[in-house]
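The values are calculated or read from the model by the stated rules, or taken from the named source; none is laboratory data. These numbers come from a predicted model, not from an experiment. Positions of Cβ are backbone-derived with ideal geometry, glycine not excepted, and every protein chain shown enters the neighbour counts.
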Amino acid sequence: MKVIAANWKLYKSPQQARDFFKSFREKVKPVSGQEIVFFPSAFALEAVSESLRGSGLKFGAQNAYSKSEGAFTGENSAAIAQEMGASYILLGHSERRALFGESNEQIAAKVALVQSLALTPMLCIGESLQEREAGKTNTVLKEQLRLGLAKAEAQKPLVVAYEPVWAIGTGKVATPEQVAETHTAVAGLLEKFGFKNVAILYGGSVKPDNAAGLIQQKHVGGFLVGGASLEPDSFAKIIEAAG
Ligand code: PGA
């Protein structure tokens, strides 16, 4: 099963999301062996939920708090997203870590809650350029997995997205060799920590023209796409290349 996910970040109003799907649903019909997932901003979840009804396309929230409800002003609830029809929650994206100070421990609590609700957490991991150049890539990924999955249950659904921070939104995609090498390392770590059959997505400047080369690499179970998922045409081409 290949998972192709769209991270819309803080783009697209509810109306823009509806317009996207008018065009996208004409172009793309989900095929077996492929799961297509959209992560809109929280305020557009309802519009996305309505637009996707009966389509077989999936969606989820870009983040959710580690509790389902309570006195947590300004936070978002995975349980509410689930009621709206979500099946995934994106967690630990590098922008959450770098801009909003999310720690591996906070992410671990979120992963546990999301799994307990029978939603699928999509846990993002990735090294910075400085870390890669210092030869620390595997150490960083190991820590992110060890701590981020500390409260996760191995039998429950989980997806991991490997996104080198230096490749996100920069146009600098990791080479197929770097992707193959790092995904093999991540697969080994997941196995070591007792997690089997986890799809490992690649993310970071995935575009229609590099998707086919990347999807062929060992242990690449799909993509997490930012910029190129905002246009129906380019996202449809990436899905086609990943098929
Ligand atoms: P990008 O973003 O495809 O624009 O590099 C990927 C992501 O942040 O998930």
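Figures for the structure shown
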| read-out | value |
| --- | --- |
| Qualifying residue in the stretch 78-89 (condition: closer than 23 Å to LEU149 by Cβ and in contact (Cβ under 8 Å) with a residue 60 or more places away in the chain) | yes |
| Set LEU90, LEU141: member being under 14 Å from the mean Cα position of the chain (by Cα) and either closer than 16 Å to GLY204 by Cβ or surrounded by fewer than 17 Cβ atoms within 10 Å (Cβ to Cβ) (or both) | LEU90 |
| Count - residues of the stretch 206-215 that are crowded, with 22+ Cβ neighbours inside 10 Å and not in a helix (DSSP H, G or I) | 1 |
| Selection from the stretch 193-211 of residues that are more than 16 Å from the ligand (Cβ to nearest atom) and either at pLDDT below 95 or in contact with a helix residue (DSSP H, G or I) (Cβ under 9 Å, 6 or more places away or on another chain) (or both) | PHE193, PHE195, LYS196, ASN197, VAL198 |
| First in the stretch 217-240 and under 12 Å from GLY203 (Cβ atoms), second anywhere and hydrophobic (A, V, I, L, M, F, W, C) and assigned to a loop (DSSP other than H, G, I, E, B), Cβ under 7 Å, 6 or more apart | PHE223/VAL206; VAL225/VAL206; GLY226/ILE168; ALA228/VAL206; SER229/TRP8; ILE238/VAL206 |
| Test for GLU127: is it in contact (Cβ under 8 Å) with a residue 60 or more places away in the chain, of a type in the set (Asp, Glu) and within 17 Å of LEU224 (Cβ to Cβ) | no |
| Single residue of SER229, SER205 found to be within 16 Å of the chain's Cα centre (by Cα) and on the phi > 0 side of the Ramachandran plot | SER205 |
| Selection within the stretch 170-226 - of a type in the set (Val, Ile, Thr) and closer than 23 Å to PRO121 by Cα | VAL179, THR182, THR184, VAL186, VAL198, ILE200, VAL206, ILE215, VAL220, VAL225 |
| Among residues of the stretch 216-236, those that are among the hydrophobic types (A, V, I, L, M, F, W, C), surrounded by fewer than 22 Cβ atoms within 10 Å (Cβ to Cβ) and either within 11 Å of ASN7 (Cβ to Cβ) or within 8 Å of the ligand (Cβ to nearest atom) (or both), counted | 2 |
| Residue selected from the stretch 137-186 under the condition among the polar types (S, T, N, Q) and in contact (Cβ under 8 Å) with a residue 24 or more places away in the chain, by the criterion nearest to the ligand (Cβ to nearest atom) | THR170 |
| Residue in the stretch 156-177 that is among the polar types (S, T, N, Q), touching a Lys or Arg at 6+ places or on another chain (Cβ under 9 Å) and surrounded by fewer than 16 Cβ atoms within 10 Å (Cβ to Cβ) present | no |
| Residue among LEU129, LEU117, LEU113 that alone is under 22 Å from LYS9 (Cβ atoms) and either surrounded by fewer than 17 Cβ atoms within 10 Å (Cβ to Cβ) or not hydroxyl-bearing (Ser, Thr, Tyr) (or both) | LEU129 |
| Sole exception among (1) at pLDDT below 95; (2) within 16 Å of the ligand (Cβ to nearest atom) for PRO30, by number | (2) |
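For every residue, the table says whether it meets (1) in a loop (DSSP other than H, G, I, E, B); (2) small (Gly, Ala, Ser).
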site: TYR11; (1), (2): yes, no
site: PHE20; (1), (2): no, no
site: VAL31; (1), (2): yes, no
site: PHE43; (1), (2): no, no
site: SER51; (1), (2): no, yes
